[in-house]
Amino acid sequence: MKTLKKYVLLIVIMLVFLVLIITTPDAAVRSSLVMWDYFKEMALILPPVFILMGLMEVWIPKNQIQKWMGNKSGIKGMAIALALGTLPTGPLYVAFPMTSTLIRKGASYTNMVIFLGSWAALKIPQLMVEIKFLGLPFTITRFVLTLTALILIGLLIELILKKYPDKQWLDKEVIEKAVKS
Amino acid sequence: MTTLITIYSLLGIGLVASLIKSKEKTVKAFKIAWKAFLKSAPSLIAMLTIVGLTLGILTPQTITRLVGVEAGFTATILASIIGAITLIPSLIAFPLAGSLLRSGATITTISAFVTTLVMVGVVTAPLEIKELGKRFTLLRNGLGFIAALIIAAIMGVILT
């Protein structure tokens, strides 16, 4: 059952692709081109990112991250999360493994929601494009509202996960840690 | 390009510093990196193919047709669903949003599209679940979607 579940997504994707080839070959070709582009991008970006994560895991002590971005880091922690997120550091899929490392090192859920959110929604190069095509008032208004929303969502998720922890995920992390050491 | 330069310079500095301090720890870092890569590989492949499919089917023209023919509330909801599902690079998404705005879409609709696009990631969800757990992913994306709709409504009031 577990192995079946693992492949369900892949089978569904293959089926959709097959239907696409038969019904609209144009869309199938476009899809393949997009996949190839993304594949090239990921092949360039992911190796250094994973190695950097490995270095972080080995060198940065847990109490350091906890002090910077942990539960008691307050406004300073939020500011660090926001600053790290807005830097031009690449596509969102890079951020998930990084966030996982940071949480294991003691970063709070609130700060990680702000980190991921600003990575996806408030990245500096992206804001430049937004200003160019949608104007400064639009961009500023969206920036302020989004940041406010991220802080509120972060605090809410922290509250919820403190009360109802994701046991399944936590257990898995503990096992992996035990295997590693 | 800037991204690649940033990441590779960080890697260069990190690696040199790490090698000077301890060779063993550097090797250990590589081992951890390899394990983490193997762990994420299936979700990365899934994400890659889903992004390809959604972008192949939902071209800028298709989105314009879908959002353009509807007006008001329906258009906004449609735009927010398209935004939530797809992962469109900003260099394509913002020009598209700009042209939709000029061709008559409301500020609320455009905000809903842009905000859900960047705050909610259905195609990246498999990877997010793998790395951060199901509960965190569902909460973050679900609350993000609601927030995006509220933001769109507020922006509609402020900017029009």
With A:GLY117 itself left out, Lys, Arg at +1 and Asp, Glu at -1 over residues whose Cβ is under 13 Å from its Cβ give +2
Averaged over the residues of A:135-143, the number of partner chain Cβ atoms within 10 Å of each residue's own Cβ comes to 4
With the 1.4 Å probe rolled over protein heavy atoms, the protein assembly as shown has an accessible area per residue in Å² of 50
Cα-Cα pairs in segment B:1-53 separated by more than 14 Å, as a whole percent of all pairs, come to 69
Length-normalised contact order of segment A:61-181, Cα under 8 Å, at least 6 apart, in percent, tallies to 26
Candidates B:LYS23, B:LYS130, B:LYS39; GNM for chain B (alpha-carbon contacts under 10 Å) flags as most fluctuating B:LYS23
With segment A:1-122 reduced to its Cα atoms and the Debye formula applied, log10 I(q)/I(0) at q = 0.09, 0.13, 0.15, 0.22 1/Å amounts to -0.39, -0.71, -0.83, -1.16
Rounded to a whole number, the mean other protein chain Cβ count within 10 angstrom for residues of A:58-67 is 2
Per-residue average of other protein chain Cβ atoms inside 10 Å, peptide B:35-47 -> 5
dims of segment B:96-158, Cα set, principal axes, largest to smallest, nearest Å -> 40, 22, 9
Scaled by the rule-of-thumb 2.2 N^0.38 Å, the alpha carbon Rg for segment A:1-71 gives a ratio of 1.80
Expressed in Å to one decimal, the Kirkwood Rh of the protein assembly as shown from all distinct alpha-carbon pairs is 21.0
Share of accessible surface on carbon and sulfur in the protein assembly as shown, whole %, 1.4 Å probe and ligands ignored, is 75
Note to self: Kirkwood Rh of segment A:61-181, Cα pairs, one decimal, Å, is 15.3
The Cα extents of chain B along the principal axes, largest first and rounded to whole Å, are 62, 32, 31
So the B/A interface buries, both sides summed and with a 1.4 Å probe, an accessible area in Å² (nearest 100) of 6400
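The values are calculated or read from the model by the stated rules, or taken from the named source; none is laboratory data. Keep in mind the model is a prediction, meaning the values are calculated, not measured. Using ideal geometry, Cβ is built from the backbone for each residue, glycine included, and neighbour counts are taken over all protein chains shown. For the accessible areas, the whole protein counts, side chains as well, though only heavy atoms, and no ligand, DNA or RNA atoms are used. Shrake-Rupley method; radii C 1.70, N 1.55, O 1.52, S 1.80 Å.
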